[in-house]
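The block underneath contains the structure these notes are about, expressed in structure tokens.
The values are calculated or read from the model by the stated rules, or taken from the named source; none is laboratory data. Small disclaimer: the values here were computed from a predicted structure and weren't measured. All Cβ positions, glycine included, derive from the backbone under ideal geometry; neighbour counts span all protein chains shown.
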Ligand SMILES: CC(C)(COP(=O)(O)OP(=O)(O)OC[C@H]1O[C@@H](n2cnc3c(N)ncnc32)[C@H](O)[C@@H]1OP(=O)(O)O)[C@@H](O)C(=O)NCCC(=O)NCCS
């Protein structure tokens with residue numbers, strides 16, 4: 001994709017996402033727009049191993065916008081940072097399409113991991129003002145992270161997470177009441193499906209055994225009838 005097209009795309013993202021904007025010219029004043037133009041250049045340089053130049057561009061952009069995106073981070077289409085100040089995105093962070101961040105968000109590491117140290121944020125996620133997401137786990141698609149949360153564990157898709165440490169309060173649009181909330185084990189949709197399948201399998205097996213018994217009983221009654229004749 002050409003550079004002009006990339007600029008057009010970034011303008012479209014800001015216009016679409018911020019209801020407070022009045023004219024296309026205003027887009028050029030947005031920190032999100034400025035930082036993303038720099039990031040796209042820096043990331044390309046990083047990928048071709050021009051690490052110093054890449055960092056030079058990203059650090060200059062950080063000074064101008066207050067948003068620090070490591071050039072190694074991977075960011076999809078339609079990414080928007082509202083307001084922007086204090087946002088930090090680490091080197092191994094991976095961000096899908098149409099993700100929105102607010103000011104003060106950190107996608108960082110815990111300092112305990114090596115290699116992939118930063119989060120993976122799937123499509124359509126919103127991370128609210130001041131939230132910290134720390135570690136190499138995944139935030140599932142369409143999830144929302146509440147303002148000021150500190151998220152330290154995997155988040156299933158379609159969830160709302162709030163608090164310190166972050167816990168799921170809504171999942172698939174169903175509210176999870178506080179009093180029954182298990183704060184250590186977040187819901188695991190795959191495990192829930194496996195449990196449901198096991199239950200169905202046990203029910204089907206017992207119905208099949210009952211049917212086999214019934215067939216056996218009928219067959220032997222039939223035999224007994226024939227022998228009498
Ligand atoms: C999390 C958020 C996105 C709402 O998501 P939602 O799925 O609609 O969640 P709800 O509003 O139904 O809230 C669910 C529960 O979490 C609580 N909650 C919501 N946001 C919270 C937060 N940031 N911290 C702690 N608890 C929060 C609500 O009080 C509610 O609790 P209850 O079930 O006991 O009543 C929103 O509250 C939020 O944090 N928005 C911030 C957006 C932002 O950064 N704006 C900055 C603009 S400059």
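Things worth noting here:
- Per-region count, region 168-207, residues more than 16 Å from the ligand (Cβ to nearest atom) and modelled with pLDDT of 65 or more: 20
- Counting only residues that are surrounded by 22 or more Cβ atoms within 10 Å (Cβ to Cβ) and either over 25 Å from the mean Cα position of the chain (by Cα) or in a loop (DSSP other than H, G, I, E, B) (or both), region 71-99 holds 4 of them.
For every residue, the table says whether it meets (1) outside the structural domain of residue 109 (by TED's automatic domain parsing); (2) within 14 Å of the ligand (Cβ to nearest atom); (3) part of a loop (DSSP other than H, G, I, E, B).
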{"position": "123", "(1), (2), (3)": "no, no, yes"}
{"position": "129", "(1), (2), (3)": "no, yes, yes"}
{"position": "133", "(1), (2), (3)": "no, yes, no"}
{"position": "136", "(1), (2), (3)": "no, no, yes"}
{"position": "142", "(1), (2), (3)": "no, yes, yes"}
{"position": "147", "(1), (2), (3)": "no, yes, yes"}
{"position": "153", "(1), (2), (3)": "no, no, yes"}
{"position": "160", "(1), (2), (3)": "no, yes, no"}
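- Evaluated against (1) away from the ligand (no atom under 16 Å from the Cβ); (2) within 26 Å of residue 60 (Cβ to Cβ), residue 87 falls short on exactly one condition, (1).
- Qualifying residue in region 146-153 (condition: within 22 Å of residue 59 (Cβ to Cβ) and in contact with a strand residue (DSSP E or B) (Cβ under 7 Å, 6 or more places away or on another chain)): no
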